[in-house]
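S.K.: Handing you a structure now.
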Amino acid sequence: MDKVIDFINVNRERYLEELKALLAIPSISALPEHAADIRRCAEWCGAEMERIGLQNVRLIETPGNPVVYGDWLGAAGAPTILFYGHYDVQPVDPLNLWESPPFEATIRDGEIYARGSADDKGQVFMHMKAVEAHLKENGRLPLNIKFILEGEEEVGSEHLDDFINSHKTELAADVVVISDSAMFARGVPSICYGLRGLVYFQIDLRGSSTDLHSGSFGGAVANPAFVLAQMIAQMKDRGGRVKIPGFYDEVQPLQEEERQAWASLPFNEKKYRKDFGVPKLAGETGFTTLERTWARPTLEVNGLLSGFTGEGAKTVLPAVAMAKISMRLVPNQDPNTIAERFEAYVKKLAPKTVTVQVTRMHGGKPWMTSFDNAFVQAAGRAIEKGFGRAPIFTREGGSIPVVSTFQEVLGLPSVLFGVGLPDENAHAPNEKLDLANFHNGVIASAYLYDEIARIG
Ligand code: BES
Ligand code: MN
Ligand code: MN
């Protein structure tokens, strides 16, 4: 391992230059005009896999964006890791809030700024560079590894379940490794053992066939913006509890040990508020901030659109109003069941004065695992070697839908070892990745393969 770590240290600057090239590709999966960039990015990742010495590299087509595959299977008798990551990124708007262009990676104060730096290209690249160090220095890896990189994670992984179901044999492994989450805090590395699920909707209301003069018609015809606001207001009570009938029926209560463990984590509420410019925290009564985001389900309005939003004033009764609404789910809530209950509730809330259309968008199941398995312990030792400190165990509020598919379809446990930071602006302007965490992450990843190989 010494030689491998030396290689990583010696090549630190080159690794960074190469990461910049990956970050330069605007592989935004949500926007059709970036389809060519998505493909270019998939090809770039494939070429990089070849360069670092992976074998059987190919793009596997799906009805959507290609999956990039590569493997190294030369360690007969040793365990096999299935590494999962995504090469697609979120849109960059509002562009004017970026301090440097989102696809020209820029280094400031020990951070690399670019869309995808933390979520997830930087973290994918970290594993590629760890593999490279092993293969270039030793000519082999201590275990077998299969890489799959998907290009639709940020739009709901629509085709990934089918892909996994139809490639079960090729994807056979002992454990899944994913780096697509954050550390608990700067200097506090962590392993994530739970993710929330998601179900996402668009609601469209129409109150008239065209916009109307609000003087001539106001008071006589329902205003869909107002109706929508009233409907949304009935989705949660003032204590932050979701009012959809049956919403909490399957929710697994927090374990007392978890509550105690989380209460002793170095979480500073005041700093959290200050970091994100929040005047006062809000959430479900009876739960702490960590409990609210890691272990409790919630409902959020992700977007609202109606009427006149330009400068100045326009007296208009909008014809339509639209909301994007999503719910984060926890074990054992099922996205389909919750979706049905939500739809039924929305239909019940909608008055006869408007027509309502409820469109279900993507979603995913929640996931949780116990962390007393040998793979997690191995990851813990690797992280300690890379970061000089043993990891703590966290859950996360975000979602990676495929993690539960790996469990259900392939029967595989996942180890989620993320090196992002909570304030690295994923999905927001000025996304960044800490360079020391990236470098230590490459080292920890290199150790991870070694540690997993040892448990055989
Ligand atoms: N990397 C995130 C998931 C994540 C966020 C894990 C925070 C841990 C902490 C992922 O790229 C993501 O953004 N997922 C989406 C899923 C959705 C599009 C189905 C999410 O959570 O909104
Ligand atoms: Mn991600
Ligand atoms: Mn994301």
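The values are calculated or read from the model by the stated rules, or taken from the named source; none is laboratory data. Since this is a predicted model, take the numbers as computed values, not measurements. Cβ coordinates were reconstructed from backbone atoms using ideal geometry, including for glycine residues, and neighbour counts include every protein chain displayed. Heavy atoms of the whole protein, side chains included, go into the accessibility calculation; ligands, DNA and RNA do not. Shrake-Rupley method; radii C 1.70, N 1.55, O 1.52, S 1.80 Å.
S.K.: Can you work out the FRET efficiency for the pair Ala233 and Glu17, with r the C-beta to C-beta distance and R0 = 56 Å, to the nearest 0.05?
M.R.: About 0.60, to the nearest 0.05.
S.K.: What is the packing order of peptides 224-232, 75-83, taking the mean over residues of other C-beta atoms within 10 Å and listing the highest first?
M.R.: Those peptides, ordered most packed to least, come out 224-232, 75-83.
S.K.: Something else now. Provide the convex hull volume over Cα atoms per residue for the range 393-456, in Å³.
M.R.: Hull volume normalised by residue count: 116 Å³.
S.K.: Just report the Cα centroid separation between the range 393-416 and the range 356-383, whole Å.
M.R.: 3 Å
S.K.: Once the range 340-456 is represented by equal point scatterers at the alpha-carbon sites, with solvent omitted, what log10 I(q)/I(0) does the Debye formula produce at q = 0.16 Å⁻¹?
M.R.: Once normalised to I(0) and log-transformed, intensities are -0.92.
S.K.: Moving on. Per residue of the range 130-140, what does 6.51 cos²θ - 1.76 cosθ + 1.60 with θ = phi - 60° give for ³J(HN,Hα)? Whole Hz please, x for Gly and Pro, Karplus curve as stated.
M.R.: Using θ = phi - 60°, the values come out as 5, 5, 4, 4, 4, 5, 6, 8, 10, x, 7 Hz.
S.K.: Can you figure out the FRET efficiency of Arg40 with Phe276, using R₀ = 35 Å and their beta-carbon distance, to the nearest 0.05?
M.R.: In this case the efficiency is close to 0.55.
S.K.: How big is the range 229-370 on each of its three principal axes, counting only the C-alpha atoms and giving the largest first in Å?
M.R.: 54, 37, 25
S.K.: Diagonalise the Cα gyration tensor of the chain and give the resulting equivalent ellipsoid semi-axes, square root of 5 times each eigenvalue, largest first, whole Å.
M.R.: 41, 24, 22
S.K.: While we're looking at this one, here's another question. In whole Hz, what ³J(HN,Hα) sequence does the range 389-406 give by Karplus (6.51, -1.76, 1.60; θ = phi - 60°), x for Gly and Pro?
M.R.: After applying 6.51 cos²θ - 1.76 cosθ + 1.60, I find 7, 5, x, 9, 9, 10, 10, 9, x, x, 10, 10, x, 5, 4, 6, 5, 4 Hz.
S.K.: Please give the helix 35-52 orientation as an angle from the longest Cα principal axis of the chain, in degrees from 0 to 90, rounded to the nearest 10.
M.R.: 20 degrees
S.K.: Same structure again: Any idea what diffusion coefficient the range 206-297 gets from Stokes-Einstein, in µm²/s, Kirkwood Rh on alpha carbon pairs, 20 °C, 1.002 mPa s?
M.R.: So the translational diffusion coefficient is about 126 µm²/s.
S.K.: If you don't mind, another one. Sum -39500 (n - 2.57) across every DSSP H segment of at least 4 residues in the chain, then divide by the residue count to get the 222 nm mean residue ellipticity, nearest 500.
M.R.: Calculated mean residue ellipticity at 222 nm is -10500 deg cm²/dmol.
S.K.: Which distance in Å, rounded to a whole number, links the C-alpha centroids of the range 22-88 and the range 267-319?
M.R.: So the two Cα centres are separated by 35 Å.
S.K.: For the range 85-204, with every protein chain kept in place, what is the accessible area per residue (1.4 Å probe, Å²)?
M.R.: Spelled out: the 1.4 Å probe surface of the range 85-204, per residue, equals 30 Å².
S.K.: If one puts a single equal scatterer on every Cα of the range 75-210 and applies the Debye formula without solvent, what log₁₀ I(q)/I(0) results at q = 0.09, 0.17 Å⁻¹?
M.R.: -0.41, -1.19
S.K.: Oh, and also: List the pair-distance distribution P(r) of the range 287-394, using every Cα-Cα distance, as the percent of pairs falling in each 5 Å bin from 0 up to the bin containing the longest distance, rounded to whole percents.
M.R.: 2, 8, 13, 14, 12, 12, 10, 9, 6, 4, 4, 3, 1, 0
S.K.: Right, here's the next one. Longer than 27 Å from Cα to Cα, which of Lys20/Lys274; Lys243/Lys280; Lys3/Lys146; Lys270/Lys385; Lys121/Lys365; Lys20/Lys365 are they? Say none if no pair is.
M.R.: With Cα atoms farther than 27 Å apart: Lys20/Lys274; Lys270/Lys385; Lys20/Lys365.
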